[in-house]
1. Here are B:A384, B:A430, B:A388: which of them is more than 12 Å from the chain's Cα centre (by Cα) and surrounded by fewer than 24 Cβ atoms within 10 Å (Cβ to Cβ)?
2. What are the residues in segment A:72-89 that are in contact (Cβ under 8 Å) with a residue 60 or more places away in the chain and in a loop (DSSP other than H, G, I, E, B), if any?
3. If A:G104 meets every condition in (1) open to solvent by 30 Å² or more (accessible area, probe 1.4 Å); (2) within 14 Å of another protein chain (Cβ to nearest Cβ); (3) at positive phi; (4) not charged (D, E, K, R) apart from one, which number is that one?
4. Restricted to segment B:479-496, and to residues that are closer than 23 Å to B:R83 by Cβ and surrounded by 15 or more Cβ atoms within 10 Å (Cβ to Cβ), which residue is modelled with the lowest pLDDT?
5. Quickly run through segment B:574-601 and pick out the residues that are more than 9 Å from chain A (Cβ to nearest Cβ) and at pLDDT below 80.
6. Could you please tell me which pairs satisfy a Cβ distance under 9 Å, a separation of 6+ or placement on different chains, a first residue in segment B:152-171 that is within 14 Å of B:T197 (Cα to Cα) and open to solvent by less than 10 Å² (accessible area, probe 1.4 Å), and a second residue that is among the aromatic types (F, W, Y) and part of a loop (DSSP other than H, G, I, E, B)?
7. So which of A:S38, A:S89 ends up being of a type outside the set (A, V, I, L, M, F, W, C), open to solvent by 30 Å² or more (accessible area, probe 1.4 Å) and in contact with a Leu (Cβ under 8 Å, 6 or more places away or on another chain)?
8. Name the residue, out of A:S416, A:S368, A:S395, A:S401, that is modelled with pLDDT under 85 and either under 30 Å from B:R433 (Cα atoms) or open to solvent by 10 Å² or more (accessible area, probe 1.4 Å) (or both).
Amino acid sequence: MKSYVSDDMIFALATCVGKSALAVFRVSGEGSIASFASCFSKPERLLAAKTNTLVYGTVTGVDDVVVSVYRKGHGYTGEEALEISCHGSLASISLMNEKLSQLGFRQAEPGEFTFRAFLSGKIDLTQAEAVNEIARSQSRLSQTLALERLGGALSARIHRNRDLLADAMSVIEVQLDYAEDEIGGDTSFPFDEITDARDDLAKLADTFRTGSLIGQGAKIVLAGAANAGKSSLFNLFLKTDRSIVSAVPGTTRDFIESNCEIAGINVRLFDTAGLRTAGEEIEAEGIKRTKALMRSSDLLLYLVDSSDPEDGYESISERLEKEIPGVEKLFVWNKTDLPSAFEMPEGFIELSVDSAEGFEALVSGIVSSLGMVSDSNGCELLIESPRQHRSLVESVRSLDSVLSLAREEECLDIISVEMKEALDQLGYICGELTSDDVLDRIFSSFCVGK
Amino acid sequence: MDYDVIVVGGGHAGIEASLAAARTGFRTLMVTQSLDTIGRLSCNPAIGGLAKGNIVREVDAMGGQMGKLIDATLVQYRVLNRRRGPAVQAPRAQADKFSYSRLAKETLEHQQNLTLFMDTVVGLLVEPDGRTVCGITTGRGNRISSKAVVVTTGTFMDGRIFIGEYDAAEGRLGEEGAFGLGDCLRRMGLETARLKTGTCARVDSRSLDFSKMERQDGDDPIEPFSFENHVNSRVQVPCWITYTNERTHKIIFDNISRSPLYGGKIVGKGPRYCPSIEDKVVRFSQRDRHQIFVEPEGSGTVEMYLNGLSSSLPEDVQNDFIHSVEGLENALVMRPAYAVEYDFVFPTQLKLSLECKKYDNLFFAGQTNGTSGYEEAACQGLIAGINAVQKIRGEQPLVISRTEAYTGVLIDDLVTKGTKEPYRMFTSRAEYRLNLRHDTCDLRLTPKAAAFGLCSEQRMANLEKKIDLISDLKQCLLHSKTGGMNAVQALKHPEIDLDKIKDDVPELMNYPEEIRNIVQQDIKYEGYIKREDRQVERFDKLDNLIIPPDFDYRAMEGLSQESREKLEKIAPSNIGQASRISGVRTSDIALLMVYLRRRNG
């Protein structure tokens, strides 16, 4: 924010630098239309253009362009603004850059357009964050969810709870204004209202893991003994032949990483070296790195070859829990198409990578292990900002202590300290009580042109 | 210049303002309509109460007089909410109102640099620059010049009292209102409006049947309001409690049209929280009774104050409804209840220093600013007096934060939000109450007073000794064992207090009771105090972002029209204050922060 000012004209390329059919520049600020008109082939048309209309023309010496016009109070920033589409060649882009600079536009800082939208009151802080989340989203699901937050669904939910708590607070406060021997009698403590708000906020806070998994992508690691079928499963997920599949154990050394979508969720999928007693030094190193990777994953898929299970396969889950504690795990009983003398242990998922039988069950197992309901296609509000999560968790913690203090019949003036904390934290989420350093951190994570 | 500071009015604000100015060595004149009514307790004969008791101790901690006046003249003392938490405990005392007023005048008379003068101020003198106030003109034609003027006219400016169909141009029953100054202020372009307040009837104690009432005794010993006095014991008199009943309410209902409040004669808005009995009966019609405290007006009089029965109904109706109350069947009314309507100055025209924004060297304090209550008046008087002096010295004004004292909350509320009804201080108005405990006012505020010359070296030395004792005792508890743990840990248990562990920690009793109480509260509520401290830190962050006085909101692009008008009118001193103006958008506050950052580089 240090470098943001808000009364000059800014511009930025809103599309990628690189060859494409079109490139779009965005400009915003008082005087933008008049300034741009000075280099435009039909200045009077542009100057007279109504808001939310298109004007076609030429920027002399640069390119033919289509200009979308936004008058003050309309458009994204709420300021007078233009979106200029030109040809997507590198030459056009660099000429347009030069031209806009000459006209007195300043290259925008990351997040500056959104910051101006925030300053003009068009959006609140949760919506500003949603803009950034949309920009970063890598899957359809994360896009849908962020759009919902941009629409104000998160603010509305926070405000609803805040109102509930503010009412409860006033019930507490009014009692503090009278001495204990004054009439009025003690009103009953608003347990129900506070509990309702607490539960709803806790539910919202709990969506963070899922929300951030969807937003930033889930890290799923395939593991298991050599030749358990990890690479085949990896390929099945990718539906492309990326890793080398061979019948010789120990082919995949270290690990291979790829992005894919599983049930609409963006996933970073890792195929690892088989966990085998190290035969040679290079493989020992690989195993060490594999274990580190497993520890940092959101979900571990552990494959066992049902036709040739490793020793003590019944207790694999116990062993893994000890080695890689705290990580979500799914156990896969693979190669069920081959004859087997062994019975599938409890808690495993049957799969035949070759025939893809059991694949659907595996996918829904993955979805639920990641804490998502299989049809979470945007109908549920999720959060993915760590800042929002922190405030929600703090708020719930304070409300828990409000409730337990009230049950212990602690004094109301003490309870109200915790109550105020809960309300403050909710205020931070929507930016109502936010100091400038917090704004700084939020908007500095944006990309230019947003 | 005839004087450095002229204080207009001799009520609770005027007393503190005059003393603060005179004590810091400035030649001060108090002008009042009557030298016989200085420091009168015009309404109930009591000082303190929830939040108000804290204010009295704040005033004392900053070198004011109210705490010492009440300590010397109280006839009953109680700490309210003893069974509740530390933030809402507060002292309250019944005063012998005649001794109180007499001692106030005596104190003023003996104050060096202070002159008392009886006259009515009807106008202000303004320098040729048109914006610096430099003195007063009076009803008898005196023109007195000064470097600063503090206006504390209470309920007297264009005051009018009402008892049923009767009304009179008075500021208090039997005392003429003050006319002229209000018109002068309006001519000067200041906005004023009408407010209304009321007081209760006084009855002859010999005509009451106390056997039908509940008796309420004071605490013994008493912990004085003033930090310079020490715990003592003295003879106290009881108060009595009785209740209105359905017959009382019917009498009031049947005669409501005879009340000037309901008949439209009174236009001023009355206090919501300390309403007249007719207001209570009309607004809380579902309640079948209201509490009445029967309080002695002093030890040398038979007059008793019927706290809770404020009214402006005609005297015959008052007699009827009073006689319908148990214990008051034969009550002989000595003074009737009445309402008073008066001019107040919109406090949003003032800075946090209580100086007028439009006129330099002109300060307002007390009921003139729309408050209600002796304590609220006193703390403003003190701050206005200090800041009049600071202005003459050419130094920064004293501004108390909301996080430091109820005084800070009160002034910030007044100048930032204004008020539409008499503003009374409540516990709930403050955000950080654990910080505003009455027993620690001196720790927070006395060092500030010292910086303004309102605290003797001896007092500072005593304060340092107190701070040492507090930390010694905490250390001592930390290193003492009781029940298998150290005494600090033990005290965190709700059922354990210092009294219970005194056998294990005998050194404890070497410390004065005052110190023991502070330490006990500090330890018991340590976790919450720390949590609140963090909230205070976040709050202060915004209050520390200063907006320069010459800041031009017109030069700010993108500010909404409504926010711009409000910001220009209030001219907040900092971002925190700006964010408390009602109707200013959050995003406009963020925008303001951006501009300030750029301005400050």
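The values are calculated or read from the model by the stated rules, or taken from the named source; none is laboratory data. On a predicted model such as this, the values are computed, not experimentally measured, just so you know. All Cβ positions, even for glycine, are placed from backbone atoms using ideal geometry, and neighbour counts span all protein chains on display. Surface accessibility is based on the protein's heavy atoms, side chains included, excluding ligands, DNA and RNA. Shrake-Rupley method; radii C 1.70, N 1.55, O 1.52, S 1.80 Å.
1. On the way: B:A384 fails: surrounded by fewer than 24 Cβ atoms within 10 Å (Cβ to Cβ); B:A388 fails: surrounded by fewer than 24 Cβ atoms within 10 Å (Cβ to Cβ).
Checking each option against the conditions leaves just B:A430.
2. Initially, segment A:72-89 is screened for residues in contact (Cβ under 8 Å) with a residue 60 or more places away in the chain, giving A:83-89.
Across segment A:72-89, the qualifying residues are A:G88, A:S89.
3. The number of the failed condition is (2).
4. B:I496
5. Within segment B:574-601, B:R599, B:N600, B:G601 qualify.
6. B:M157/B:F179; B:G159/B:F179; B:G171/B:F156
7. On the way: A:S89 fails: in contact with a Leu (Cβ under 8 Å, 6 or more places away or on another chain).
Of the residues listed, the single one that is of a type outside the set (A, V, I, L, M, F, W, C), open to solvent by 30 Å² or more (accessible area, probe 1.4 Å) and in contact with a Leu (Cβ under 8 Å, 6 or more places away or on another chain) is A:S38.
8. Numbers: A:S416 fails: modelled with pLDDT under 85; A:S395 fails: modelled with pLDDT under 85; A:S401 fails: modelled with pLDDT under 85.
Residue meeting the stated conditions: A:S368.
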